[in-house]
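Structure, as structure tokens:
The values are calculated or read from the model by the stated rules, or taken from the named source; none is laboratory data. Predicted, not measured: the structure shown is a model, and the values here were computed from it. Positions of Cβ are backbone-derived with ideal geometry, glycine not excepted, and every protein chain shown enters the neighbour counts. Areas reflect the complete protein model, heavy atoms only, side chains present, ligands, DNA and RNA absent. Shrake-Rupley method; radii C 1.70, N 1.55, O 1.52, S 1.80 Å.
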Amino acid sequence: MGKPGGGWRRHESGRSFNYILDSPLSDQLPKKLLVVFSAIGAEYDFTFNYRATLEGGNLSRAFVLDDFGRQGSYYWVDHGDDSIFLETQRFLSNLVNELGVDLGDVMFAGSSKGGTAALLHGVTLGVGRVLLGAPQYRVGDYLLNAAPRILSFMAGEASDESSRSLNDRAKEILLRGQRRTVIRVAVGSGDHHLVSHVVPLSEDAWAAGYNVSSLILPGVPHSKIGWVFKHLLAAEAMDLELGSWQDPLPYALTRSGETVTLRCWPAEGEKVAVHLVGKKAVLEKRPYSDDVEYSFVLPPNEGHVRARVFRRDDSNSIQAFTTHWA
């Protein structure tokens, strides 16, 4: 559980949870909540993800452990019993009420297993948005091949029948969910999760009436999704704070003295244009190109700057988002 004073709390009920709740920097702003669910780790290595990425800011941030079985239960099932799922729902609902946050101002997020949990719990509770990095929607199919011990813990056995049953239960949860929840999924074009999980999730969610979108990242394999997803999560967390919901790309904006560097991860088929903006005016414009990294030399004594990023896809549809200040 980590060293004393690490911020751990425990929810005691029929099924108990260990979690960390980080408070916003200011309590004078509208209340917002981000809940992050964890991916699969090594056996008995239960930990949270992305806490360092989300330090600071004006969101309440909860990180919940999935420390059931050897490697977790997707916050969901124990030998066919869904008491973990039901108690997680009660815990999350109580947390939202205790913090006084409107469900529309709540985002659930996670990658891989954490993305699956964010989806299933997010649509069930009816939060405003779920942000998913390469989730396993056909959970049984994935576990049967990649982690049969987790499948045995969840379903009682690792078999074709238990795999199909878990797939069906995941779809049922999606179809019973609250359609007000916006679903955004990021996945690499080099990740088998794209065809096996993200495409069927998108098709089922779209047919069921959800607002769902996919960000397909060229060449990114599953082993690298966490590295890119952390940048997307940071950008989406800032959007949640501001209430802007810009659908940003993953990006990293850094500054060293008078040099500013922007690295972004465009979606497949997109070109990007960048305007560097100061406090009073646009400082420099870069046209649409296939570039993913931009370096700018600032005028002497220039204060804070940020970038306005324009995304153009193959159909010439244009979206834009604004980065944080640097």
Residues in the stretch 104-119 that a label on residue 82 would reach, taking backbone N under 18 Å of a point 7 Å out along Cα→Cβ: 116-119
Two-site label geometry, residue 159 and residue 207: point separation in nm, points 7 Å out along Cα→Cβ: 2.7 nm
5 angstrom amide H check on residue 80, placed H, neighbours 5+ away: 155, 156
Reachable aspartates and glutamates, given that their alpha-carbon falls under 20 Å from the alpha-carbon of residue 271 and they are not under 8 places away in the same chain: 247, 284, 290, 291, 293, 313, 314
Estimated inter-spin distance, residue 289 and residue 55, nm [label 7 Å along Cα→Cβ]: 3.4 nm
The stretch 309-321 - phi-based ³J(HN,Hα) in whole Hz, Karplus 6.51/-1.76/1.60, Gly and Pro as x: 10, 10, 10, 10, 9, 5, 8, 6, 6, 10, 10, 9, 8
Sum of side-chain charges, residue 104 neighbourhood, beta-carbon under 11 Å (Lys, Arg +1; Asp, Glu -1): +1
Whole-Hz couplings from phi, Karplus 6.51/-1.76/1.60, listed for the stretch 103-117; x for Gly and Pro: 4, x, 9, 10, 10, 9, 8, x, 10, 6, 4, x, x, 4, 5
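Can you work out the accessible area per residue across the stretch 88-177, with the rest of the protein chains kept in place, probe 1.4 Å, in square angstrom? Please list the in-between numbers first.
Details: 3100 Å² over 90 residues.
Per-residue accessible area for the stretch 88-177 comes out at 34 Å².
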Among 300, 248, 218, residue whose mean-square fluctuation peaks in a GNM of the chain (springs only between Cα atoms under 10 Å): 300
Highest-MSF residue in the chain out of 237, 208, 118 [GNM, Cα springs under 10 Å]: 208
Hz values of 3J(HN,Hα) by residue in the stretch 150-167 - Karplus curve (6.51, -1.76, 1.60), Gly and Pro given as x: 5, 4, 5, 5, 6, 9, x, 6, 9, 9, 4, 5, 5, 5, 4, 4, 5, 4
Residue (of 143, 34, 221) at the positive-pole extreme of the chain, dipole from beta-carbon charges: 34
Rounded tilt (10° steps) of 225-242 against the dominant C-alpha axis of the chain: 70 degrees
Accessible-area composition of the chain, carbon plus sulfur, in percent [1.4 Å probe]: 48 percent
The chain: antiparallel DSSP beta bridges as a percent of all, rounded to 5: 60 percent
The stretch 107-211, relative contact order in percent, only Cα pairs under 8 angstrom and at least six apart counted: 31 percent
Cα-only radius of gyration and Dmax that characterise the chain, units Å: 20.2, 67
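Once you have a ≥ b ≥ c as the square roots of the Cα gyration tensor eigenvalues for the stretch 92-159, tell me rounded if a/c is under 1.5, and otherwise prolate or oblate according to whether a/b is larger than b/c.
Prolate, because a/c is 1.5 or more and a/b exceeds b/c.
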Local electrostatic count at residue 295 - Lys and Arg +1, Asp and Glu -1, tallied over other residues with Cβ under 14 Å: -1
